[in-house]
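Structure, as structure tokens:
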Amino acid sequence: LSLVGFRVKAKSSGDVDKIDLHSIVLKNVVHKGSFSVVAETSAAGLPEWTLDRDDLSYTKDIVVFDAGEIGEIDLSADYYSSIAEILIIPGLTHDIEIEYRLHVTENKMITEKAVIKPAEIGIAEWLIGKRYTYDLVLGVDDIEIIPALDEWK
């Protein structure tokens, strides 16, 4: 499997009270596949996943984070807060939908969405045994996403 995680922080100390993360959704995640290992000369063999992408009933949106269920995260401009990790069947990446709220006045919020395509920021495929971390930097004027890849142990 692949491990996909998300961390978040505010862009600046001035943004901390003006923005919050509402949800993160992975779009059209394939949740059925076949796993096989071909025994070769190495003990590890060659693992492979075959995903059932043709059957639309095997894809669904997965809510990775929902502030309505988990509660708001206290954002800091100084450090990232780890908010979610999910195991994914390896293969092509899925769009990441980020919903956030801007606090315009004390009693008024505007909800916005951004869709991140991992392939457009350098990660086209989630590989077996790898950990992918997406750092979200929330600002009033923009959202930045910083991907990282490392071995999952």
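The values are calculated or read from the model by the stated rules, or taken from the named source; none is laboratory data. Quick caveat: nothing in here was measured; it's all calculated off a predicted structure. Because the Cβ atoms are built from the backbone with ideal geometry, glycine has one as well, and the counts that use them run over all protein chains shown. SASA here: full protein model, heavy atoms, side chains in, ligands and nucleic acids out. Shrake-Rupley method; radii C 1.70, N 1.55, O 1.52, S 1.80 Å.
Amide H contacts of His22: Glu99, Tyr100, Arg101, each under 5 Å away and 5 or more positions distant or on a separate chain (H built 1.01 Å from N in the peptide plane; Pro and chain starts excluded).
Report note on the peptides 83-89, 142-148: ranked by the mean count of other C-beta atoms within 10 Å, highest first, their order is 83-89, 142-148.
Would you mind telling me which residue in Asp135, Asp78, Asp15 has the biggest mean-square fluctuation in a Gaussian network model of the chain, where springs connect alpha carbons within a distance under 10 angstrom? Top of the fluctuation ranking is Asp78. What is the local net charge at Asp74, summed over the other residues whose Cβ is closer than 11 Å to its Cβ (Lys, Arg +1; Asp, Glu -1)? Net charge in that neighbourhood comes out at -2.
Protein-only accessible surface at a 1.4 angstrom probe places the residues Ile24, Ile70, Ile110, Ile116 in the order Ile70, Ile110, Ile116, Ile24, largest first. Each Cα pair under 8 Å and six or more residues apart adds its separation to the average, and for region 6-129 the resulting relative contact order is 33 percent. Taking a sphere under 13 Å around the Cβ of Ser12 and counting the other residues whose Cβ falls inside, with K and R at +1 and D and E at -1, yields a net charge of -3. Taking N as the residue count of region 110-153, its C-alpha radius of gyration divided by 2.2 N^0.38 Å amounts to 1.37. For region 1-152, the per residue solvent-accessible surface stands at 57 Å², with DNA, RNA and ligands left out and a 1.4 Å probe. Here the scattering of the chain is modelled by Debye summation over its C-alpha atoms, one equal scatterer each and no solvent; at q = 0.13, 0.14 Å⁻¹ the log10 of I(q)/I(0) is -0.65, -0.73.
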